[in-house]
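Notes follow the structure.
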Amino acid sequence: MHIQVKDISKIYGAGENKVVALNRATITINEGDFISIMGPSGSGKSTLLHIISGLDVPTSGQVLYGDTDIHHGNDRELSAFRRRKIGFIFQQFNLLPVLSAQENIIMPLLLDKQRPDESYLHDLTGYLGIHARLTHLPHQLSGGQKQRVAIARALIAKPDIIFADEPTGNLDSKSGGEVMEMLCGLRAKMNKTLVIITHDPHIAEMAVCRFTIVDGILSEVTAK
């Protein structure tokens with residue numbers, strides 16, 4: 001899916017309290033792209049990701065998925081679009097503590113009143129090395145296992161694009177490296193579009209196209 005982000009700005013407050021979180025950010029995301037956006041804390045990178053993915057709205061500008069501006073529909077339509085077309089991976093895992101790993105993984109499908117593809121679920125969790133942990137609750141899993149569950153949840157609905165916001169931020173270097181290796185492997189194997197927000201230059205350099213963001217201003221670094 002082709003995504004065009006045009007002159008996106010996000011402004012909070014007014015007058016002396018005005019804060020420009022994003023300043024006319026523009027980026028094109030083509031099908032199969034692997035893009036990293038690197039910046040320090042408070043640079044606007046998470047704000048940009050949230051607006052591109054429909055979790056937040058811009059003050060001005062457009063986000064076009066094909067010919068559709070996702071910020072000009074109703075909330076119900078946007079929620080359904082996100083569930084079916086977009087997968088999210090967050091730093092905090094965002095697993096529901098009372099649900100098993102498998103129940104957390106298939107939750108997006110249940111919300112959309114769909115049944116899981118058991119063969120796909122088996123293959124996905126096997127690749128991620130969590131098939132034997134599917135009956136465990138989140139508190140019974142390591143940080144790396146929790147993030148692998150979160151990756152499986154992001155991919156369970158077979159979305160077109162994956163957005164990852166600091167996916168290794170809560171992991172030690174070994175677990176983080178393993179998670180990134182698996183995520184990159186799944187992206188290549190399934191030909192998914194992957195956009196990663198990070199402050200880690202080692203993760204940023206894994207991407208094919210790299211951007212930086214500083215004080216809300218987005219700039220392309222290079223393309224491999």
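List of remarks:
- Filtered by the rule that a residue be exposed (fewer than 12 other Cβ atoms within 10 Å of the Cβ) and within 18 Å of L183 (Cβ to Cβ), the stretch 123-146 gives a lone residue, G126.
- Neighbours by Cβ (under 6 Å, 6+ apart or cross-chain): first from the stretch 1-24, closer than 26 Å to F81 by Cα; second buried (at least 16 other Cβ atoms within 10 Å of the Cβ) and basic (K, R): A21/K10; L22/K10
- The helices (runs of 4 or more DSSP H) found entirely in the stretch 117-199 that carry 3 or more residues being of a type in the set (A, V, I, L, M) and touching a residue at least 12 places away in the same chain (Cβ under 8 Å) are 143-155, 173-190.
- Residues being loosely packed, with under 12 Cβ neighbours inside 10 Å and touching a Pro at 6+ places or on another chain (Cβ under 8 Å) - total across the stretch 68-122: 2
One line per residue, one yes/no per condition, for (1) at pLDDT 90 or above; (2) touching a Ser or Thr at 6+ places or on another chain (Cβ under 7 Å):
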residue: G32; (1), (2): yes, yes
residue: I35; (1), (2): yes, no
residue: D56; (1), (2): yes, yes
residue: Y65; (1), (2): yes, no
residue: H71; (1), (2): no, no
residue: L78; (1), (2): no, no
residue: F81; (1), (2): no, no
residue: I89; (1), (2): yes, no
residue: E103; (1), (2): yes, no
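- Check on L218, touching a residue at least 60 places away in the same chain (Cβ under 8 Å) and under 13 Å from the mean Cα position of the chain (by Cα): no
- Matching entry among G54, G61 (being surrounded by 15 or more Cβ atoms within 10 Å (Cβ to Cβ) and under 22 Å from T198 (Cα atoms)): G54
- Test result for I37, closer than 19 Å to G13 by Cα, β-branched (V, I, T) and in contact (Cβ under 8 Å) with a residue 40 or more places away in the chain: no
- Filter result for I86 (within 15 Å of the chain's Cα centre (by Cα), more than 25 Å from V20 (Cα to Cα) and among the hydrophobic types (A, V, I, L, M, F, W, C)): yes
- Hey, V149 buried (at least 18 other Cβ atoms within 10 Å of the Cβ), of a type in the set (A, V, I, L, M, F, W, C) and modelled with pLDDT under 95 or not: no
The values are calculated or read from the model by the stated rules, or taken from the named source; none is laboratory data. Owing to the predicted nature of the structure, the values given are computational and were not obtained by experimental measurement. Every residue, glycine among them, receives a Cβ derived from its backbone with ideal geometry; neighbour counts consider all protein chains shown.
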